[in-house]
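Okay, so here's the structure we're looking at.
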Amino acid sequence: ETGVTQSPTHLIKTRGQQVTLRCSSQSGHNTVSWYQQALGQGPQFIFQYYREEENGRGNFPPRFSGLQFPNYSSELNVNALELDDSALYLCASSLGQAGETQYFGPGTRLLVL
Amino acid sequence: KNEVEQSPQNLTAQEGEFITINCSYSVGISALHWLQQHPGGGIVSLFMLSSGKKKHGRLIATINIQEKHSSLHITASHPRDSAVYICAVYGGATNKLIFGTGTLLAVQP
C-alpha cells in the first residue's frame, strides 16, 4: 500500500497570492485532515474531509478552503496569502473520522514573502 | 492555558537512559495519540490510546483517564530516538486533534 504523499514539498509565494496544496491519502483511507504547523509550534487543525464533505473545522478564516475528491485525495487552498501563513502544512489520512490513527504526509513547507 | 500540555519542553539524555515524557490535557477525549516528528517535518504515529497501556519495542505509553494524564516512556534510549515527541488528543465533541507543543528529545552517544 502507498503512504500519504503531498505536493509540492516546498513553495515560495508573495503576499496576496493564492496557493493550492495537494495530498494523496493512503490507500483505503476515506478521511483527510489538514494541519498548519508554524516553526517551533505544534500542528493546528485546519479542517477535515470525510467522503468528500467537510467534517470539522478549526479556527482558520474562510480564505482557507479545501476539497476532497472521489478518490479521497484532497486539496488545501489558501487565498490572499499573508506573511503569517508561512508554515509547514501537513495532511493526514485515516479510515473513518472518530479519532482513528492518522497517517501523516511529509508536509509542504510554504514561505510567504 | 493550552488544552494539551507537555513536559518537559526540552530533554537531553545519555544513550541508554530511561526517558519519560508527560502529557496532561483538560478536555474530554475519546483517544490520545503519541507522535514522533523528525527534523524536516515527517510525523509518525507511535500510539493511539483510549485506556491502559501499550508497548511497542522500547516504547511504552500509558494513560490515566481519571487524571487526564499520559506518559510516553523510552527504555534504553538511543541517538536515533532524537526527535520531537508530540501528544495529541481527540476530543469527543469535535472532529479534530488538539496537539501539545511537543518535547524536543536529544539523546547523546
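The values are calculated or read from the model by the stated rules, or taken from the named source; none is laboratory data. Bear in mind that the values here come from a model prediction, so they are computed numbers and not experimental data. All Cβ positions, even for glycine, are placed from backbone atoms using ideal geometry, and neighbour counts span all protein chains on display.
A few points about this structure:
- Odd one out for B:L97, checked against (1) more than 14 Å from every other protein chain (Cβ to nearest Cβ); (2) within 13 Å of B:I29 (Cβ to Cβ); (3) in contact (Cβ under 8 Å) with a residue 60 or more places away in the chain: (1)
- Output for segment B:46-75, where each listed residue is assigned to a loop (DSSP other than H, G, I, E, B), under 22 Å from B:G16 (Cα atoms) and of a type in the set (V, I, T): B:T75
- Test: residue in segment B:10-21 that is surrounded by 12 or more Cβ atoms within 10 Å (Cβ to Cβ), part of a strand (DSSP E or B) and touching a Gly at 6+ places or on another chain (Cβ under 9 Å): no
- Within segment B:76-92, not a single residue is among the polar types (S, T, N, Q), within 14 Å of chain A (Cβ to nearest Cβ) and either without any contact (Cβ under 8 Å) to a residue 60 or more places away in the chain or in a strand (DSSP E or B) (or both).
- Within segment A:71-85, the set of residues being at pLDDT 95 or above and either within 14 Å of chain B (Cβ to nearest Cβ) or surrounded by fewer than 17 Cβ atoms within 10 Å (Cβ to Cβ) (or both) comprises A:N77, A:N79, A:A80, A:E82, A:L83, A:D84.
Residue by residue, here is whether (1) outside any strand (DSSP E or B); (2) under 10 Å from the mean Cα position of the chain (by Cα) holds:
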position	(1), (2)
A:G3	yes, no
A:L11	no, no
A:H29	yes, no
A:V32	no, yes
A:G42	yes, no
A:F60	yes, no
A:P70	yes, no
A:Y89	no, yes
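- Just one of the numbered conditions (1) within 14 Å of chain A (Cβ to nearest Cβ); (2) over 30 Å from A:L110 (Cβ atoms); (3) aromatic (F, W, Y) is not true of B:Y25: (2).
- Counted residues, segment A:91-113 - those being touching a residue at least 24 places away in the same chain (Cβ under 8 Å), within 7 Å of chain B (Cβ to nearest Cβ) and outside any strand (DSSP E or B): 4
- Within segment B:48-64, the residues that satisfy the criterion of being away from chain A (no Cβ under 14 Å) and either under 14 Å from B:C87 (Cβ atoms) or surrounded by 12 or more Cβ atoms within 10 Å (Cβ to Cβ) (or both) are B:K53, B:K55, B:R58, B:L59, B:I60, B:T62, B:N64.
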